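Beneath this line is the structure, given in structure tokens, with notes to follow.
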Amino acid sequence: MNSRSMIRAVSRAILAAAFGGLMLPAARAGIPGTLDVEVDKPGVPLPPHFYGLMTEEINHAYDGGLFAELIQNRTFQDPTPSSRELPIHWFLVGNGKAGLDHSDPVNSALPVSLRLDLSGGTAGMANDGFWGIPVRPDTTYTASFYAKGGGGFAGAVKAALVLDEGNVTVASASTGSINGAWQKYTLTLTTGHDAPTTAKAQFVLSATGTGSVSFSLVSFFPPTYQNTPDGLRPDLMKLMADMHPSFIRLPGGNYVEGSTFKSRFNWKEMIGPADQRPGHMGCWSYRSSDGFGMPQYLLWCKQLNAEPVLALFAGYVLNGRHVDPGSPEMAQYTQEALEEIEYVSGPADSEWGKRRAADGFAEPFPLHYVEIGNEDWFDRSGTYDGRFTEMAKAIRAKYPNLKIIATAPVKSFKPDLYDDHFYRSARQLMHQADQYNKPTGDAAPLRYGGGGWNGRAPDGLKTFVGEWATQEGRPTPDLNAALADAAFIMGLERNADTIAMECYAPLLVNVSPADPVKGYPKAWQWPTNLIGYDALHSFGSPSYYAQAMIGQNKGDVVLPSTLKVAPLVAATSPTPHGRIGVGAFRTQVEYKDIVVTAPDGRVLMTADLSQDTRGWQFSGDKWNLQDKAIKPSATSADSWAMTGDPKWTDYTIHVRARKTGGRGGFLVLWHATSGTTYNRWSVGGFGNAARCEAVEEGDREAYGPSNPVNIEANRWYDLRLEVNGHHARGFVDDKLVTDATEPRHTAPTAAFASADYAAASRTVIVKVVNVGKDPVDMTINLHGAGQIDPNGTAIVLAGDPKAQNTVDEPTKVAPRTEPLTNASASFSRTFPPYSFTLLRLQKAE
Ligand code: AHR
């Protein structure tokens, strides 16, 4: 059961109890609670870089997002379906012909141009942008492109912003006569006062006459944040500025690794002017122009007054390949990392500092942290320890003050921090709010799995929670997720003696849906993301608002606090039961010889896959039947095939499985009560591990151990899963690899709290999350606070736990600020259902 259904069940139980006379029958009797805050015993200082942003090119975060460029495929190199003659996102308008030309490139970074052959009249090339081009009245845009004439053409090129409807031009400008040599042209286009606000528009370059015109690096910018050339989108920058981040982890995530060595994050190809950046294939299924490169990362830091946390490519790529420590390649990556550090933080007269200065930043950037790799626990070759050590030693020798972050356990060189990653359900992340508490009593043994440590890092090392999120709400979190997120951050704050930094991930998502007419996919790849936008609009999710509330109200020291609140009542669960299945997650797999037996050995089902798939139900992509095996026809995220009797309880599933490609492994489903609620055994995914996951109404939560396995491609494996109530044991080729019990559904806590103090303004900041359906009536005791001004401020984020913000309703869930008039050293406040409240309380002089 996930948190939402748990909370629903719990609320029903509480109401039943109330009507049964066990509780006061008042209509909105709150759950009683007490919060004791030790104002006179300040705890640990909140580290200066505690709250930050994590970033990578995913969900069109840069191209089609923060990078304000409006032309998609501006260098004509994006992968184009073979059915299309022209490069994707480009269309011919008027009378003429067009095609790619490799014969006379501008330079090696721009190896191809688009040639427009004219036939007497007017012809042009139109670009439809990133799911549209935003038009606004009274707005000045900057167009630039390389052009050259051919076949005697010496006329002008016109740049125009044209509405889809009625083909109306709302802004235009022309070059003078162009000649036969490549030259860069820059034009200014301004829309009139009567221009509409719409994203249904195109950018068109056209010419009239005969001969030909060739184009390269076509760019079109609206106004940018602080009017910086090649700059950033103002609305997104404003949203992020309002979070007051102190650092940006750049670039984090899979993007720094790349799918292959060729497409790794190669920072040296992302500096200098735009026409020197070749671009590369990103790891999230689209190409990156790299117009958003190192200078843009630095600009972002500068404009937000945030410090870079530099993630360094460390010799492992997502297809599973690595270079060996001690190899010439590793030496090269280590050298590149040292140079990257110099590019960011070296003096302007150093070799790479000079390049940064040439890119517009004479002043070195402050740099305290570097991270070696990303999620290297996926690398089962065992080389991370060596790769990390080689790079870390070189960094320590040259930059002794830099703090070095490891992304997986290492032993040969002591890092300064570990980077823990958690993508969880609301229920699980709320539980994890306490995971970094100082261990007491019979603590669970410290272990590393599923992306991080299950507690404080070993050897007294600090922790950077470098990626985390409650994954509820698509493509942005709902309020319930925001409450869990707030509770989690508050847990991190309470443990600021061991947690140095945190940043939610992913940060940005272009929420544009697929365009089936043009054949474009949806703009996003990751399920739950913090800030959403399309070509014209942007919005913060409820989780964004929770984090902005915290960022805007930072204290400098944590105040010890104790919360006592009646727990919600635990729900009872029926005997687990349901159908069986197999599945795939971005991996090519096939399954055959599927048999289900009862605990007494009786055969419940033998799947007959000799003829057809009658009796099976499929999700996601079509599944094919071939050679008595079933397999998904495409490698989409999350697809399954189910069969069997929903009433089955305990059973053993036998299946033969083979993987033929992709990064994940096998999925065996059990106790499926619907297409979105089931358990699954994942074998070979998550860095070649075996683990269990509970999926409830689409929300996924891992449980039990994550044990290493060694699933290789193109080999058949015997999988056997024995299911007994909440307990499952999984065997690969008869070897036990999984032994897990679905966590008992303990009574969840109704509320979470933390407190801190801002000395300069003498403000006590109290934060309370109420995750339940009922109000929480809290007595707040501010011990040793002296006199408290009765007038304080409450900032409240509350509403329907399933509510999400969207481009149409951007502030459906947003904080409201209200006066608080009864503050004192001991006062009461009722925290509404499903709410996150931040109180600002003033200490008298
Ligand atoms: O944040 C999305 C992805 O999740 C990151 O790229 C990766 O580090 C993690 O697995």
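Screening the stretch 752-823 for strands (runs of 3 or more DSSP E) wholly inside it with 3 or more residues that are open to solvent by less than 50 Å² (accessible area, probe 1.4 Å) and within 20 Å of GLU845 (Cβ to Cβ) returns the ranges 763-770. With hydroxyl-bearing (Ser, Thr, Tyr) and in contact with a Phe, Trp or Tyr (Cβ under 9 Å, 6 or more places away or on another chain) as the only criterion, which of SER259, SER285, SER289 stands out? None of the others qualify; the one that does is SER289. Based on what the data block shows, is SER263 under 26 Å from HIS89 (Cα atoms), within 16 Å of the ligand (Cβ to nearest atom), open to solvent by 30 Å² or more (accessible area, probe 1.4 Å) and hydroxyl-bearing (Ser, Thr, Tyr)? When the stated conditions are applied, SER263 does not pass them. With respect to the conditions (1) out of contact with any helix residue (DSSP H, G or I) (no Cβ under 9 Å at 6 or more places or on another chain); (2) surrounded by fewer than 24 Cβ atoms within 10 Å (Cβ to Cβ); (3) not in a helix (DSSP H, G or I), ASP459 falls short on a single one, namely (3). Considering (1) open to solvent by less than 40 Å² (accessible area, probe 1.4 Å); (2) within 16 Å of the ligand (Cβ to nearest atom), say which one LEU402 fails and leave the rest. Going through (1) open to solvent by less than 40 Å² (accessible area, probe 1.4 Å); (2) within 16 Å of the ligand (Cβ to nearest atom) one by one, LEU402 breaks only (2).
Has the stretch 269-279 got at least one residue that is among the small types (Gly, Ala, Ser), within 24 Å of the chain's Cα centre (by Cα) and modelled with pLDDT of 95 or more? Show your work before the answer.
Our first condition is that a residue be among the small types (Gly, Ala, Ser); within the stretch 269-279, this holds for 272, 274, 279.
Filter once more, keeping what is within 24 Å of the chain's Cα centre (by Cα): 279.
Subsequent filtering for residues that are modelled with pLDDT of 95 or more retains 279.
The answer is yes; a qualifying residue exists.
Where strands (runs of 3 or more DSSP E) fall entirely within the stretch 29-115, those with at least 1 residues that are crowded, with 19+ Cβ neighbours inside 10 Å and aromatic (Phe, Trp, Tyr) are at 51-54, 90-101.
Among residues of the stretch 549-561 that are closer than 18 Å to ALA487 by Cβ, those with a beta-carbon under 6 Å from a residue that is among the aromatic types (Phe, Trp, Tyr) and assigned to a strand (DSSP E or B) at least six positions away or on a different chain give the pairs GLY551/TYR51; GLY555/TYR757; LEU559/TYR757. Return yes when ILE395 is modelled with pLDDT of 95 or more, under 20 Å from GLY315 (Cβ atoms) and within 16 Å of the ligand (Cβ to nearest atom) and no when it is not. No; evaluated as a whole, the condition is false for this residue. Being open to solvent by 60 Å² or more (accessible area, probe 1.4 Å), at pLDDT 95 or above, of a type in the set (Lys, Arg) and more than 29 Å from the chain's Cα centre (by Cα) holds for only one residue in LYS184, LYS148, LYS200, and it is LYS184.
Across the stretch 512-528, the qualifying residues are those that are open to solvent by less than 30 Å² (accessible area, probe 1.4 Å) and away from the ligand (no atom under 11 Å from the Cβ), and the one among them that is nearest to the chain's Cα centre (by Cα) is ALA523. Of all the numbered requirements in (1) away from the ligand (no atom under 16 Å from the Cβ); (2) within 30 Å of GLU329 (Cα to Cα); (3) of a type in the set (Phe, Trp, Tyr), TYR225 misses one, and that requirement is (2).
Listed here are the residues, each with its yes/no results for (1) closer than 30 Å to ALA484 by Cα; (2) surrounded by fewer than 23 Cβ atoms within 10 Å (Cβ to Cβ); (3) without any contact (Cβ under 8 Å) to a residue 40 or more places away in the chain.
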residue	(1), (2), (3)
ALA634	no, yes, yes
PRO646	no, yes, no
THR652	no, yes, no
GLY661	no, yes, no
THR673	yes, yes, no
ASN710	no, yes, no
TYR717	no, yes, no
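Is the stretch 530-541 home to any residue that is of a type in the set (Asp, Glu) and more than 15 Å from the ligand (Cβ to nearest atom)? Scanning the stretch 530-541, I find at least one residue that is of a type in the set (Asp, Glu) and more than 15 Å from the ligand (Cβ to nearest atom), so the answer is yes. Of all residues in the stretch 516-560, those satisfying the criterion of being small (Gly, Ala, Ser) and either in a loop (DSSP other than H, G, I, E, B) or over 22 Å from GLY799 (Cβ atoms) (or both) are GLY519, ALA523, ALA535, SER541, GLY555.
Residue count for the stretch 283-294 under the criterion of being open to solvent by less than 10 Å² (accessible area, probe 1.4 Å) and outside any strand (DSSP E or B): the result is 5. Of all residues in the stretch 165-181, those being surrounded by 16 or more Cβ atoms within 10 Å (Cβ to Cβ) and outside any strand (DSSP E or B) number 2. Residues in the stretch 272-328 that are within 16 Å of the ligand (Cβ to nearest atom), among the hydroxyl-bearing types (Ser, Thr, Tyr) and closer than 23 Å to ARG387 by Cβ: TYR316 only. Of (1) open to solvent by less than 10 Å² (accessible area, probe 1.4 Å); (2) among the small types (Gly, Ala, Ser); (3) closer than 17 Å to ASP419 by Cα; (4) away from the ligand (no atom under 15 Å from the Cβ), ALA469 satisfies all except one. Which? Tallying (1) open to solvent by less than 10 Å² (accessible area, probe 1.4 Å); (2) among the small types (Gly, Ala, Ser); (3) closer than 17 Å to ASP419 by Cα; (4) away from the ligand (no atom under 15 Å from the Cβ), ALA469 fails exactly one: (4). Take ALA500 and tell me if it is under 24 Å from GLN552 (Cα atoms) and buried (at least 24 other Cβ atoms within 10 Å of the Cβ). So ALA500 does not fit the description; no.
Residues that are buried (at least 19 other Cβ atoms within 10 Å of the Cβ) and either farther than 28 Å from SER108 by Cα or in contact with a Phe, Trp or Tyr (Cβ under 7 Å, 6 or more places away or on another chain) (or both) within the stretch 210-219 comprise SER212, VAL213, PHE215, SER216, LEU217, VAL218, SER219, listed in sequence order.
Only one entry of ARG427, ARG474, ARG456, ARG447 meets the criterion of being within 16 Å of the ligand (Cβ to nearest atom) and basic (Lys, Arg), and that entry is ARG474.
The values are calculated or read from the model by the stated rules, or taken from the named source; none is laboratory data. Keep in mind that this is a model prediction, so the values were computed, not measured. Neighbour counts are summed over all protein chains in view; Cβ atoms, including those assigned to glycine, are modelled from backbone coordinates with ideal geometry. Only protein heavy atoms, including side chains, enter the accessible area calculation; ligands, DNA and RNA are left aside. Shrake-Rupley method; radii C 1.70, N 1.55, O 1.52, S 1.80 Å.
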